[in-house]
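Worksheet: the structure to be examined is printed underneath.
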Amino acid sequence: MLDQIIDSGKKATRDGFGAGLHAIGQQNDEVVALCADLIGSLKMQAFIKEFPERFFQVGIAEANMMGIAAGLATAGKIPYTGTFANFSTGRVYDQIRQSIAYSHKNVKICASHAGLTLGEDGATHQILEDMGMMRMLPGFTVINPCDYNQTKAATMAIAEHYGPVYLRFGRPSWPNFTPEDQKFEIGKALLLSEGSDVSLFATGHMVWNAVEAAKIVAAEGISVELINIHTIKPLDEEAILESALKTKAVVTAEEHQRNGGLGDAVAQVLSRKAPTPQEYIAVNDSFGESGKPVELLSKYGLGVDDIVAAIRNVVKRK
């Protein structure tokens, strides 16, 4: 199955968001979009061109954007907010908690340029705490798709889900390897490759690095069960437990802080129901820095070689 996972051509996940927003706008008249002065970065041009009356440019006023979105949701609209992940969460957490989460507003917070792969903009923009922040809010759904096709599908699917959603995606061109015609199911993990020696749970950009790592260790005789966890909350506990009970060893891979993200979510499930040796691939209590995306992933322990080493280590711990 690993040999069948092929990059069809690099595309940015933020482009997938733009395509998905335009497509769902054509299908659902209640979808509206808001942006905090980053139209080009969020790839919202096609939606704005076709539906100018359903777009609101709020300027560099992210807190106001969240309040406006909550108001539009109260009026029956389905608002999609667009700005960088750092400004979508850290800058406006109080407004999200009080105006959106507390009253369970149907707002879709769409957050681009997440993680280290933001690259040259540096540590102040490379938020690595966002998934943890958002998954702690009661009633919030947290989604982190892996490529262009999956981001487009997720952007469309969240319009059919009632309730607040945090949709996280990135800046760089990245391998595009999931099906173009896929159906995105919130909370349903995707098995990419069956295996017997170790369960590798990956999310976002790290899914592709996990694919490459799994191919390397397969040549060493290590059989990897690779699962794409695109929904951090609600977590597919059934898929995680079924795989962990089979392989008896787990590696989690995410472009996020070690604290609070996918690794911790998986560890919570395992500690309660199936204690299992686990290795984390994540940023270890550190801010990022300016640099090339792939080089930053390697420096901060999120490269393909790091995943390979984690797989070898956890198999020895069984």
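We did not get these values from a lab; they are worked out from the coordinates using the rules stated. Keep in mind it's a predicted model, so treat the numbers as computed, not measured. So basically every Cβ, Gly included, is an ideal-geometry build from the backbone, and we count neighbours across all protein chains shown.
Summary table below
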| item | result |
| --- | --- |
| Helix-only mean residue ellipticity at 222 nm for the chain, each DSSP H run of n ≥ 4 adding -39500 (n - 2.57), per residue, nearest 500 | -10500 deg cm²/dmol |
| Other-chain or far-sequence residues with amide H under 5 Å of Lys233's (modelled H) | Val142 |
| In order through region 32-37: 3J(HN,Hα) via Karplus (6.51 cos²θ - 1.76 cosθ + 1.60), integer Hz, x for Gly, Pro | 10, 10, 10, 9, 9, 6 |
| Gained length - Glu295 relative to His104, 0.36 nm times residue gap less alpha-carbon distance | 64.8 nm |
| Residue-by-residue Karplus 3J(HN,Hα) for region 165-177, coefficients 6.51, -1.76, 1.60, Hz, glycine and proline x | 10, 10, 10, 10, 8, x, 8, x, 5, 9, x, 10, 9 |
| Dipole magnitude of the chain about its Cα centre (Cβ charges: Lys, Arg +1; Asp, Glu -1), debye to nearest 20 | 440 debye |
| Neighbour count of at most 15 Cβ within 10 Å plus DSSP loop: longest chymotrypsin sites (Phe, Trp or Tyr not before Pro)-free window in the chain | 163-286 |
| Neighbourhood net charge (11 Å Cβ-Cβ; Lys/Arg +1, Asp/Glu -1) for Asp121 | -1 |
| Region 79-91 - phi-based ³J(HN,Hα) in whole Hz, Karplus 6.51/-1.76/1.60, Gly and Pro as x | x, 10, 8, x, 6, 5, 4, 4, 7, 7, 10, x, 6 |
| Listed pairs Lys152/Lys246; Lys10/Lys215; Lys188/Lys316; Lys273/Lys318; Lys188/Lys248; Lys246/Lys316 exceeding 25 Å between Cα atoms | Lys152/Lys246; Lys188/Lys316 |
| Length gained when the stretch Glu30-Ala61 is fully extended (0.36 nm per residue, less Cα-Cα span) | 8.8 nm |
| Stokes-Einstein D for the chain, Kirkwood Rh over Cα pairs, 37 °C, 0.692 mPa s (µm²/s) | 169 µm²/s |
| Global geometry of region 141-181, whether rounded, prolate or oblate, following the gyration tensor of its Cα atoms and the 1.5 cut on a/c | oblate |
| Unit charges on C-beta of K, R, D, E only; dipole of region 143-291, Debye | 240 debye |
| Listed residue (His113, Pro52, Gly40) projecting farthest to the positive dipole end of region 25-144, Cβ model | Pro52 |
| Surrounding net charge for Ile60, when Lys and Arg each add one and Asp and Glu each subtract one, Cβ distance under 15 Å | -1 |
| Hydrodynamic radius (Kirkwood) for region 190-316, which is based on Cα pairs only, to one decimal in Å | 14.3 Å |
| Rh by Kirkwood over Cα pairs, then Stokes-Einstein D for region 137-257 at 0.692 mPa s and 37 °C, µm²/s | 222 µm²/s |
| Neighbourhood charge, 11 Å Cβ-Cβ cut-off, centred on Val314 and excluding it, Lys, Arg +1 and Asp, Glu -1 | +3 |
| Compactness of region 10-174 - radius of gyration and Dmax, Cα, Å | 14.0, 40 |
| Nonlocal amide H pairs with Asn176, under 5 Å, H built at 1.01 Å | Ser8, Gly9, Lys10, Lys11 |
